[in-house]
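Take a look at the structure below.
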Amino acid sequence: MAAPENTESPPHEARAPLLTALAGQGAAFVLCFGLAMVLRRGGGPVIELPLILAAQGVVAAVVGIKWGLPRWWLPLNLILPAAAGAALMLELPSWVFLAAFVVLALIFWNATGERVPLYLSNRRTWAALSDIVGPDARQFIDIGCGIGGTLVHMAREKPELRVTGIESAPLPFALAWLRCKLSGARNISIRYGDFWNLDLSGFDAVYAFLSPAPMPALFEKARAEMKPGSRLISNSFAVPGHEPDEIVELDDRRRTRLLIWRM
């Protein structure tokens, strides 16, 4: 299906939500600690530190939503002040903070710039994908494959299918690579990198469990590159202005919906 050239910037070029979250935490810190100080100097009640930190988390969460942060940032904004306060009160060695930061960065590498958190597909989704990707398909790719569960399932269920994954977060990629190697399946390949730089023309089915942010640009990329008859499958996230050709609803706790567009 032909499409006009996409002139939109890819999602990873958008303003990083991490900066918005940090700005929200800063504003909440000034407000909550400033108010506590004013009350104390004015002869009012002395507010204990845990209450101030809890208030900061609530204010930061509300500010983040008002400033357009995705809702999955809500729990992060809520717990960050309390976690930082607890770490300081416990007098943990400095290397603990560095190690925690490195681990989180390796896991949530995509969350700051591309606005794609780590979502994991469940077993019912795997089974549904096996049905959706019919016997005529020869090439399947999971873009943002996480820790590789979907890849291993599809490779085992469909030995005639060539299964590919791509992931740009270092730690999930490493786990997915190891998981695929240990599976023993010979029809899996996995790449480290940015799927925006990957040509989708060779794939019969493209599966994505990303976030609302990249879906419009991904749809335009798929429409421009994928061959007629191939399918783009999105877990849960729609493309504004483009109704899917088919929706598969799963009876799981998430109420998962698989949205399918035929190119």
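Just so it is clear, none of the values below were taken in a lab; they were calculated from the coordinates. These numbers come from a predicted model, not from an experiment. Because the Cβ atoms are built from the backbone with ideal geometry, glycine has one as well, and the counts that use them run over all protein chains shown.
Quick look at the numbers
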quantity: Burial ordering of Asp252, Asp204, Asp142, fewest other beta-carbon atoms within 10 Å first; calculated: Asp252, Asp204, Asp142
quantity: Rounded, prolate or oblate (a/c below 1.5 giving rounded, otherwise prolate when a/b exceeds b/c) for region 123-262 by Cα gyration tensor; calculated: rounded
quantity: Farthest toward positive dipole pole in region 123-262 [+1 Lys/Arg, -1 Asp/Glu at C-beta], among Leu178, Ile132, Leu250; calculated: Leu178
quantity: Region 123-262, relative contact order [Cα under 8 Å, separation at least 6], %; calculated: 21 percent
quantity: Region 29-45-region 192-249 distance, computed between alpha-carbon centres (Å); calculated: 50 Å
quantity: Positive dipole terminus of region 123-262, leading residue within Pro228, Asn197, Asn187 (C-beta point charges); calculated: Asn187
